[in-house]
1. The conditions are (1) part of a helix (DSSP H, G or I); (2) at pLDDT 90 or above; (3) over 20 Å from Ile65 (Cβ atoms), and Lys115 fails exactly one of them. Which is it?
2. With respect to the numbered conditions (1) modelled with pLDDT of 65 or more; (2) within 25 Å of Thr37 (Cβ to Cβ); (3) surrounded by 12 or more Cβ atoms within 10 Å (Cβ to Cβ), which one is the sole condition not fulfilled by Asn134?
Amino acid sequence: MKKQNKAGGTVIIKKYANRRLYNTETSSYITLDHLATMTREGRDFKVVDAKTEEDITHNVLTQIIMEEESRGQTMLPVNFLRQLIAMYGDSMQSMVPGYLEASMDSFRRNQEQFKSAVEGAFAGSPFAEIAKRNLAMFEAAAAAFKPASVAPAPAAAAAPSAPVSKDDEIAALRAELSRLQDKVEKLG
């Protein structure tokens, strides 16, 4: 899932002995959080040791994952980590990175296909509003797989411009349910 940045190239990040990260594109010091944000945005970057010019991107990305995992909402189950550690030194070790990358690409594609299918299946039907709410809930749940991302509240996304009380919302849902039951009875 490598994407090029908006400028069309890979951003070079230099890591100094004092552990500071320097973004050569913006000529400023950045943090691991900045790199995590760049990753979520699909920006391609390469981290190099400022002294040796050695590519240390893998180490820095692993460090970002460790920091994200330590913030409380872990994404990597203990059993998965144990299985991954057990693969080191195994004859199949060289196949694991390709497998994991293909699995993650497949997961992302399925997520997009699911979203498109739900939007298309309910367009123009009486279930369109329900589908939109369910899709908002699915996106909030999927956001849990994106470390440190903040999912918009489904209620805020679906809320009308005027404030609505809970009683009004319940009454509207009951009216919609009644209307749908009438339609089902007419079809039967």
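The values are calculated or read from the model by the stated rules, or taken from the named source; none is laboratory data. Quick caveat: nothing in here was measured; it's all calculated off a predicted structure. Here the Cβ is made from the backbone with ideal geometry for all residues, glycine too, and neighbour counts use every protein chain on show.
1. Result: Lys115 fails condition (2) only.
2. With (1) modelled with pLDDT of 65 or more; (2) within 25 Å of Thr37 (Cβ to Cβ); (3) surrounded by 12 or more Cβ atoms within 10 Å (Cβ to Cβ) applied to Asn134, the lone miss is (2).
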